[in-house]
Amino acid sequence: RGLPSYVLGGGSNVLAADDGYAGVIIRMNVPGIAEEAVAEDAARLIAGAGVSWDTLVAEAARRGLWGVENLAGIPGTAGAAPVQNIGAYGTELSGSLEWIDAVPAAADRVERLAAAELALAYRDSRLKREKGWTVLRIALRLRRDGAPMLAYRDLASRKEAGEPLRTPAEVGRAVREIRAGKFPDLSVSGTAGSFFKNPVIRSAEAKALAERYPGLPVYPADEETSKVSLAWILDCVLDARGLSVGGARLFERQPIVIVAGDGATAKDVELLAETVARRVEEATGISIEREVRTLA
Ligand code: NAP
């Protein structure tokens, strides 16, 4: 009937407009997880796009496979994972994604795209920029002989405290605990996790900002750019923890996250996000980008 359509995974990274969507919402529900042996030290896990991402992570851990354990506890579906190249605690999906099966916009054929064809980048991919792709299946190449990646402070300090973090299951459990203590529970409050991306800016600008705001965490991204912690800027430069518009507020324990309380509207969230972006730009000169997609 020529209606617009939108494929929704877990709905955990979208902001829907207050007056809804004038079209068809397609709930992705393709099930199934299958393992294929690819080498003595590696296996391929193939998951239907509707499988919960965290179920897939738990299944990899149960089979003793390394590669996605730091991505434990991320809400949403397996099919949505490549769209923004999900990442956490120093691991990105791009490190283990092998291929996807997907239907291009308005087509009636399935294409197999190698991860290298997806332009996977920091919370970004070709699937996010080119509208209309429907992911049906994803394949991960995981290792049997991996090692824990514990560089991030939250994990490193648990290791230093003597917590056993020797298997994918142990690392996954620790990551879920850390996340539960820091991020709002999606089943209780309306939230899309990090609303903004952490800014990646020229390293010289990051250095100048760190001189102006001592303590600002700066992490080299590539030869010329560095990533700075937006949560720190919101907290220590703008004192914006808990900043609110109507029913929407910056989460007190992690201000890069917006939480929609009772009675919040999408308009509240939009206004809050605009206010935050303006204040960050005034204070630091950085123009921040949203991670959340708008469904309109
Ligand atoms: P955090 O550990 O407080 O770190 C804040 C910022 O510093 C992030 O930009 C993070 O980069 C960066 N960072 C920290 N340690 C680093 C290191 N050793 N090397 C390089 N960069 C480092 O972050 P958090 O808020 O508690 O979140 C923990 C992890 O979960 C982060 O990776 C975060 O991105 C991820 N997460 C994502 C969402 C989402 O909705 N997308 C929600 C919650 C958490 P990265 O962001 O690149 O990791």
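The values are calculated or read from the model by the stated rules, or taken from the named source; none is laboratory data. Keep in mind it's a predicted model, so treat the numbers as computed, not measured. Cβ placement follows ideal geometry from the backbone for every residue including glycine, while neighbour counts extend to all protein chains displayed.
Among the residues of segment 55-73, some residue qualifies, meaning at least one is within 13 Å of the ligand (Cβ to nearest atom) and surrounded by fewer than 24 Cβ atoms within 10 Å (Cβ to Cβ). Residues that are within 30 Å of A17 (Cβ to Cβ) number at least 1 in the following strands (runs of 3 or more DSSP E) confined to segment 166-222: 190-194, 200-202.
Picking from residues in segment 250-276 that are touching a residue at least 40 places away in the same chain (Cβ under 8 Å) and closer than 15 Å to P199 by Cβ, the one that is surrounded by the fewest Cβ atoms within 10 Å (Cβ to Cβ) is A273. Scanning segment 9-44 for residues that are out of contact with any Ser or Thr (no Cβ under 9 Å at 6 or more places or on another chain), closer than 30 Å to L271 by Cβ, without any contact (Cβ under 8 Å) to a residue 24 or more places away in the chain and not small (G, A, S) yields a count of 2. From the list E35, E59, the lone residue that is part of a strand (DSSP E or B) and under 26 Å from E170 (Cβ atoms) is E35.
A quick yes/no check of all residues on (1) in a helix (DSSP H, G or I); (2) among the acidic types (D, E); (3) modelled with pLDDT under 95:
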{"position": "W99", "(1), (2), (3)": "no, no, no"}
{"position": "A105", "(1), (2), (3)": "no, no, yes"}
{"position": "E117", "(1), (2), (3)": "yes, yes, no"}
{"position": "K128", "(1), (2), (3)": "yes, no, yes"}
{"position": "G132", "(1), (2), (3)": "no, no, yes"}
{"position": "L136", "(1), (2), (3)": "no, no, no"}
{"position": "L142", "(1), (2), (3)": "no, no, no"}
{"position": "G146", "(1), (2), (3)": "no, no, yes"}
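Of the listed requirements (1) of a type in the set (S, T, N, Q); (2) within 11 Å of the ligand (Cβ to nearest atom); (3) touching a helix residue (DSSP H, G or I) at 6+ places or on another chain (Cβ under 6 Å), S287 misses just one: (2).
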